[in-house]
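Let me begin by presenting the structure, written as structure tokens, before commenting on it.
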Amino acid sequence: MSVSDEYGVNTGPKPARSIPTSGSLSVRVRYAECDPMNVAHHASYAPWLEMGRTELLRGGGVSYAELEQAGVFLVVTKLELRYRRPILYDDVIEVRTRAHESGRIKIRHSYELVLVERMGQQPDPAADPRVPIDGVCAVATSELACVGRDGRPMPLPAWLVPDEPGGE
């Protein structure tokens, strides 16, 4: 079921429950995501971050596809990524995603990519200098703007704005 704001603008599907402000998912690094040295290519990180954002929505019972069908689009306007340690082929990482309010039209997310398994075992920083002590291999932030089908900015649906003001 779609909902409209006070101006009658379609604000997309009504979530079945509140959208979580944080969540995580596990990803096993595929061979196709790596360079010839079996290190995850930098271009592989953006899809992992997108998966994190998508799963936050899904946690509230809404999919990106449903948003788009309702004419609500979230476009990436800014992405910053800091690589701390390499992620390798067949590693299992946890993508931790957190949503932060960023304004009337934009929403911000922060991410941590945490190494949870390497070579079938729990990573050991003492045995492998490529393993970070805190497990965090990369940190990132993104900013998304809400636009309509015509590409013009529109207010974020109220149900999509995180409850916590400012987030951090």
Residues within the range 8-33 that are modelled with pLDDT under 90, surrounded by 18 or more Cβ atoms within 10 Å (Cβ to Cβ) and in contact with a Ser or Thr (Cβ under 7 Å, 6 or more places away or on another chain), tallied = 3
Is it the case that Arg17 is part of a loop (DSSP other than H, G, I, E, B) and touching a helix residue (DSSP H, G or I) at 6+ places or on another chain (Cβ under 9 Å)?
-> yes
Test Gly151 against the criterion of being assigned to a loop (DSSP other than H, G, I, E, B), at pLDDT 95 or above, surrounded by fewer than 17 Cβ atoms within 10 Å (Cβ to Cβ) and not hydroxyl-bearing (Ser, Thr, Tyr), and give yes or no.
-> yes
Is at least one residue of the range 129-138 surrounded by 12 or more Cβ atoms within 10 Å (Cβ to Cβ) and within 14 Å of the chain's Cα centre (by Cα)?
-> yes
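The values are calculated or read from the model by the stated rules, or taken from the named source; none is laboratory data. Values in this document were obtained by computation on a predicted structure and should not be read as measured data. Counting neighbours? That spans all protein chains shown, and the Cβs are built from the backbone with ideal geometry, glycine included.
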